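Undergrad: Here's a structure for you.
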Amino acid sequence: MGEITASELETRLREGEKLSVIDVREPDEWESGHIKEAISIPMSVFIERLGELNDMEEPLYLVCRSGNRSGRVSEYLATQGYEVVNVLGGMLSWPGQVVTGE
């Protein structure tokens, strides 16, 4: 399991890298502002939606509000054999633009 800072992730996305970013926050948090390239899979339904990860390029970059929930999901996915990277500091540290709404 790897780690990346929010600003490093923002730089890589801004430079055009195609990365699989998964936001594990709940829908109300997602709608109040998220990374444009991210996909919403809330932690509360993550296991039910695990199959969706098969269509994504690894490593999977996981983000939440502060890095705590995404860290827990990252640990779980790592035990399942996924290559994962936790975004340290989460959206609280995100320096880039955010998109609101669904």
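Undergrad: Here are the criteria: (1) under 10 Å from the mean Cα position of the chain (by Cα); (2) open to solvent by less than 40 Å² (accessible area, probe 1.4 Å). Tell me which single one Glu37 does not satisfy.
TA: (2)
Undergrad: Go through (1) touching a Cys at 6+ places or on another chain (Cβ under 8 Å); (2) surrounded by fewer than 15 Cβ atoms within 10 Å (Cβ to Cβ) and name the single condition Ser70 misses.
TA: It fails just one condition, (2).
Undergrad: Can you tell me which residue within segment 55-96, out of those that are under 13 Å from Met43 (Cβ atoms) and of a type in the set (Val, Ile, Thr), is farthest from the chain's Cα centre (by Cα)?
TA: Val73
Undergrad: May I pose another question? Exactly one condition in (1) modelled with pLDDT of 95 or more; (2) over 13 Å from the mean Cα position of the chain (by Cα) is false for Met1; which is it?
TA: Only one criterion is unmet by Met1, namely (1).
Undergrad: Checking the conditions here, which among Ser32, Ser74, Ser40, Ser44 is in contact with a helix residue (DSSP H, G or I) (Cβ under 8 Å, 6 or more places away or on another chain) and hydroxyl-bearing (Ser, Thr, Tyr)? Spell out how you get there, then give the answer.
TA: Numbers: Ser32 fails: in contact with a helix residue (DSSP H, G or I) (Cβ under 8 Å, 6 or more places away or on another chain); Ser74 fails: in contact with a helix residue (DSSP H, G or I) (Cβ under 8 Å, 6 or more places away or on another chain); Ser44 fails: in contact with a helix residue (DSSP H, G or I) (Cβ under 8 Å, 6 or more places away or on another chain).
On inspection, the qualifying residue turns out to be Ser40.
Undergrad: How do the helices (runs of 4 or more DSSP H) wholly within segment 2-86 filter down when requiring 2 or more residues that are without any contact (Cβ under 8 Å) to a residue 24 or more places away in the chain and in contact with a strand residue (DSSP E or B) (Cβ under 8 Å, 6 or more places away or on another chain): which remain?
TA: Result: empty, no element qualifies.
The values are calculated or read from the model by the stated rules, or taken from the named source; none is laboratory data. As the structure is a computational prediction, the values presented were derived from the model and not from experiment. Counting neighbours? That spans all protein chains shown, and the Cβs are built from the backbone with ideal geometry, glycine included. Note: areas computed on protein heavy atoms with side chains; ligands, DNA, RNA excluded. Shrake-Rupley method; radii C 1.70, N 1.55, O 1.52, S 1.80 Å.
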